Amino acid sequence: MVLAGTLEWELTGGTVVQGKKDDIVWVPRGTVHHIRNVGQDLSLRLAVAMPPAMHYFSPCEQCGFTDDGPREWHA
């Protein structure tokens with residue numbers, strides 16, 4: 001669920017889904033995906049993984065994602 005801002009999910013197979021505040025984006029279990037902020041504002045999302053699924057970060061050599069993003073918060 002997108003709580004603030006605008007986010008974009010790129011899913012396995014090239015599918016791209018965009019979500020803005022109050023949208024719910026469902027990613028099928030086991031689907032590799034990348035999420036990025038595509039708006040000018042900060043974004044915030046709530047991720048829910050139903051057991052036995054786990055939601056975790058791992059680097060992706062194919063697309064070049066090696067980090068899960070900035071960790072700074074500027075108020």
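Before moving on, here are some points about what is shown:
- Counted by neighbouring Cβ atoms within 10 Å, the residues Thr12, Thr6 run from fewest to most as Thr12, Thr6.
- Inter-label distance, nm, simple model (7 Å from Cα along the C-beta direction), Arg29/Ala53: 0.8
- Sorting the segments 20-27, 46-53, 31-38 by their residues' average number of neighbouring beta-carbon atoms within 10 angstrom, most packed first, yields 31-38, 20-27, 46-53.
Taken together, the values in this text are just the output of simple stated rules run on the coordinates, not laboratory data. Fair warning: this is a prediction, and the values are worked out from it, not measured in the lab. Note: ideal-geometry Cβ built from the backbone for every residue, glycine included; neighbour counts use all protein chains shown.
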